[in-house]
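First comes the structure, then the notes that go with it.
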């Protein structure tokens, strides 16, 4: 669902937030009509959704959102885009106090998980792994020049990934006409025969041809170079002579190496996910405490209102006082009230978090005569 | 009465120096151990900071003596050398990506600091018969240059390690993110470019004094000149890749030879 349509749907449903990504469409409702929400989704999908819709309520719904924001509910654990998508969904909606609180906490959890665990650090795809390895050699890829050999889809994707990190695709070489692909990257189209010359002018070489034999030979690599040369060979069979890797300053990674790096990265992410789950559990506990404290809020408000009422009534009995004396008396009595009520307020919230809140509320209402106001 | 007072004040100074040596050594030792684990490397950085502060205080106590340059013996100069090395490392070595440098710098600092103590270079009762200005120029510049070469060697060591990891194509290569090869090469080159002029000044001061006093040219002077030539050659040729890293390590081997083997006969 496009983000604009998701935001519109959230507004139609009132106090709601709609999170729509490639893999999910989720509606978070504060106290809305679930059946109406499902009907709206079915209308958009033009089909019944009973078989694929799932519903979570109260704390379970909040914890689910926390896991989503932490990237724990994604296909690739720790996937980076989801946190931005949660933020965009939250910004596009007009949530009430409950959803506002839950989404802000979810965004905080997402940031915390990324800061305190390594879940999002390692690459989860071959193009991302290729770029991360190139950064191990060059650091920032900004301004690095690349040669793309082959006009295949995989090579184009990997080249686009390098370009998104600042590298410039300087040349595109292919057996067929590489002009169209070169034009897309703003590169110079060249013949395969011109590869040796281009190798002296680039830092990165990305090969992905379907050629049955080697395309880049050891003899093609210039012997006097002033900078490293990094080869990424994602073709099967290989495009680059394996002996290139033995040259000083030359590094060659083929598709098997890159896939092994990705597999290891995913394993690391899964390991980090266990730590992330602990952080989510901590935050879920905090949410539970907050939710429980809501039970005692009306009693605390009533208690404070009663105390304030008494204070105001007693102040009125003082009659005419000079202005500065009145201010002093008002200040002193307000401080006394605050100090007296501080501990009961804290204790009631603590009791609420420990599931004893109801007894405390009843006791306070009874002791201070608040029940008459219910 | 006045003699007794001088004696007790010297004892007190020795006590203070002793009290500062151990925290410094402990801090450096803790850092050397902590850097071996990514999990505790942040603690390692605190060890370096606290140890360096303690050593700075120790040097201040030593410098508080009014009767001469306090680091004129080989052991004293080794103490100053360690302080310079760790100080240079602190400038940027504690950044998360460069913490791995601590793996090579801090164990070396611990070992040299301990040797300095065994040689009596961390006490507060040394005296020197040399003039302060000459020693500041000669010892100060030479040691600062050697500290720079030590860091450059550490960078070269990390470069070779990173190069080896990339060559082995291990699947877990991204689990530990080191500074990039180009960054390491660039930093090492800059460190040598700053250090070599310092060594030149230090050597010039030494040769001027040698000419004035008519002293003998000893082995340490000879090897120091060779060291100057190695690093000078490095700056002139700027060899890239593993060749450059090996050249920096060869230069550092000469530094160690000068500092630990030949220094005794020079002072």
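Quick note: the coordinates plus some simple rules give every number you see, no bench work behind them. These numbers were taken from a predicted model, which means no experiment stands behind them. In this analysis, Cβ positions are derived from the backbone assuming ideal geometry, glycine residues included, and neighbour counts consider all displayed protein chains.
So the values come out like this:
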| quantity | calculated |
| --- | --- |
| Percentage of interatomic Cα-Cα distances in the range A:126-264 larger than 18 Å | 48 percent |
| Label-to-label distance, nm, for residues given as residue A:304 and residue A:191 (7 Å Cα→Cβ offset) | 8.3 nm |
| Label-point separation, residue A:115 to residue A:210 (7 Å along Cα→Cβ), nm | 5.0 nm |
| Sorted by Cβ density within 10 Å, fewest first, the residues B:56, A:117 | B:56, A:117 |
| Spin-label pair residue B:42/residue A:145, simplified geometry with 7 Å Cα→Cβ offset, distance in nm | 4.3 nm |
| Ranked A:317, A:349, criterion: other C-beta atoms within 10 Å, fewest first | A:317, A:349 |
| For the protein assembly as shown, the Rg and Dmax computed from alpha carbons only, in angstrom | 35.0, 107 |
| Fraction of antiparallel bridges per DSSP, chain A only, in percent to nearest 5 | 20 percent |
| Length-normalised contact order of the range A:3-116 in % [C-alpha pairs under 8 Å, at least 6 apart] | 32 percent |
| Protection proxy ranking, peptides A:274-287, A:157-170, average beta carbon neighbours within 10 Å, highest first | A:157-170, A:274-287 |
| Efficiency of FRET between residue A:47 and residue A:358 - r from beta-carbon atoms, R0 35 angstrom, step 0.05 | 0.20 |
| Per-residue mean of C-beta atoms belonging to partner chains within 10 Å, peptide A:129-137 | 3 |
| Paramagnetic reach from residue A:271 (point 7 Å along Cα→Cβ, amide N under 17 Å) across the range B:15-44 | B:36-41 |
| Per-pair calculated FRET efficiency, R0 = 51 Å: residue A:39 and residue B:242 via Cβ, rounded to 0.05 | 0.15 |
| FRET E, pair residue A:81, residue B:165, Förster distance 25 Å, beta-carbon r, rounded to 0.05 | 0.25 |
| Beta bridge orientation in the protein assembly as shown: antiparallel %, DSSP, nearest 5 | 20 percent |
| Over 18 Å [Cα-Cα, the range A:3-116], rounded percent | 47 percent |
| Fully extended contour minus Cα-Cα distance, from residue A:217 to residue A:256, at 0.36 nm per residue | 12.1 nm |
| Estimated 222 nm signal from helices in chain A, with DSSP H stretches of n ≥ 4 weighted -39500 (n - 2.57), rounded to 500 | -18500 deg cm²/dmol |
| The range A:126-264: relative contact order in percent, alpha carbon pairs under 8 Å with at least 6 residues between | 23 percent |
| The range A:42-89: Rg to Rh, with Rh as the Kirkwood radius over Cα pairs | 1.05 |
